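*Asks:* Quick one: the structure is below, questions incoming.
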Amino acid sequence: MELARANRSGFESYMTERAVLNRQHQKSWSAEEITPDKAKDYSKLPKNEGNARRLTAWMCKNFYDIRTFGAVMTTEVNAGQVRGPVQIAFARSIDPILPLEISITRSSVTNERDVDKERTMGRKYIVPYGLYRVHGFVSAPLASHPVKGTGFSEDDLELLFEALTNMFDHDRSVARGEMATRKLVVFRHNSALGNAPAHKLFERVKTWRVYKGSRHEIGDEATDNWPSPRAFSDYAITVDCDAVPEGVEVTER
């Protein structure tokens, strides 16, 4: 967000490194000029339901990650809680992976007293190659509901897709120096409540192993003697658009 929507209001990050969440919550009380029912006791939302909603709405409006993923803001400075329309599950590798441990050495010391000490040793873990698949979900009602909605918009959704596609290009490190998003498959329903179950749509996306012109499903015995995958070209990803139910649009990015 800091890169793609720099200096634009409404795109602050709630969860950032070293953030003090109570300070973030206090911003809503100050911006809306709401005072607690009991002097200096911000741990309880105002009894006035409208004022309580204003606090939570302000947080959603100003923090992108809150209106996207939701947040529980019931701390010493209470700003309510909200359920976000976007959920992303854990990623799993298509094939088994074997992390490798690599030793690293720090060649410098911090203090004069440590000059004669041996250099600090550390470890890094790498994966020679792994292709991971992850599923995500967007609930239109949780975005646009007049009371429970967060205000998550089409512009916010486009930013999410942009982030999923490009996130590793601006977050390189030794541990994930060559990670990249290879394919983003989006199923868009023409009904707010959906035109098909998510798991049925995910089944339309398949990953295959490829070797010397042959293609087989993951887990097929024919691949038992194949070498371990070491590149994206060792896989093929297909989307069976013909089997997608009516009312669902498929986009590949």
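The values are calculated or read from the model by the stated rules, or taken from the named source; none is laboratory data. Keep in mind that what you see is a predicted model, and the values were worked out from it rather than measured. For neighbour counting, all protein chains shown are included, and Cβ atoms are generated from backbone atoms with ideal geometry for every residue, glycine included.
*Asks:* Restricting to segment 91-111, name every residue that is without any contact (Cβ under 8 Å) to a residue 12 or more places away in the chain and of a type in the set (Gly, Ala, Ser).
*Replies:* Matches in segment 91-111: Ser108 only.
*Asks:* Taking segment 137-172, which residues are hydrophobic (A, V, I, L, M, F, W, C), at pLDDT below 90 and either closer than 18 Å to Thr251 by Cβ or within 17 Å of the chain's Cα centre (by Cα) (or both)?
*Replies:* Correct list: Met167, Phe168.
*Asks:* Can you pull out the residues in segment 12-32 that are in a loop (DSSP other than H, G, I, E, B), closer than 19 Å to Phe69 by Cα and not aliphatic (A, V, I, L, M)?
*Replies:* Answer for segment 12-32, where residues must be in a loop (DSSP other than H, G, I, E, B), closer than 19 Å to Phe69 by Cα and not aliphatic (A, V, I, L, M): Ser13, Tyr14, Thr16, Glu17.
*Asks:* Filter segment 125-136 down to residues that are loosely packed, with under 12 Cβ neighbours inside 10 Å and either at pLDDT 95 or above or basic (Lys, Arg) (or both), then give me how many there are.
*Replies:* Looking only at that region, the number is 1.
*Asks:* Say whether the condition of being of a type in the set (D, E, K, R) and either in a helix (DSSP H, G or I) or in contact (Cβ under 8 Å) with a residue 60 or more places away in the chain (or both) is met by at least one residue in segment 33-46.
*Replies:* For segment 33-46, residues of a type in the set (D, E, K, R) and either in a helix (DSSP H, G or I) or in contact (Cβ under 8 Å) with a residue 60 or more places away in the chain (or both): absent.
*Asks:* Now, a different point. Evaluate the following for Val205: is it on the phi < 0 side of the Ramachandran plot, at pLDDT 95 or above and of a type in the set (Val, Ile, Thr)?
*Replies:* Yes.
*Asks:* With the requirement that a residue be charged (D, E, K, R) and at pLDDT 85 or above, what does segment 90-123 give you?
*Replies:* If the condition is that a residue be charged (D, E, K, R) and at pLDDT 85 or above, then Arg92, Asp95, Glu101, Arg123 are the ones that fit.
*Asks:* Evaluate the following for Gly130: is it more than 17 Å from the chain's Cα centre (by Cα), closer than 30 Å to Thr223 by Cβ and of a type in the set (Gly, Ala, Ser)?
*Replies:* yes
*Asks:* Taking the conditions exactly as written (in a helix (DSSP H, G or I) and in contact with a helix residue (DSSP H, G or I) (Cβ under 9 Å, 6 or more places away or on another chain)), does Arg53 satisfy them or not?
*Replies:* No; evaluated as a whole, the condition is false for this residue.
*Asks:* Counting only residues that are part of a loop (DSSP other than H, G, I, E, B) and in contact (Cβ under 8 Å) with a residue 40 or more places away in the chain, which one in segment 117-140 is farthest from Thr207 (Cα to Cα)?
*Replies:* If we take residues in segment 117-140 being part of a loop (DSSP other than H, G, I, E, B) and in contact (Cβ under 8 Å) with a residue 40 or more places away in the chain, then Ser139 is farthest from Thr207 (Cα to Cα).
*Asks:* Right, something else. So which strands (runs of 3 or more DSSP E) are wholly in segment 141-246 and hold at least 3 residues that are among the β-branched types (Val, Ile, Thr)?
*Replies:* Filter on segment 141-246 gives 205-211, 235-239.
*Asks:* Residues of segment 93-114 being outside any loop (DSSP other than H, G, I, E, B), under 28 Å from the mean Cα position of the chain (by Cα) and surrounded by fewer than 10 Cβ atoms within 10 Å (Cβ to Cβ), which ones?
*Replies:* Glu101
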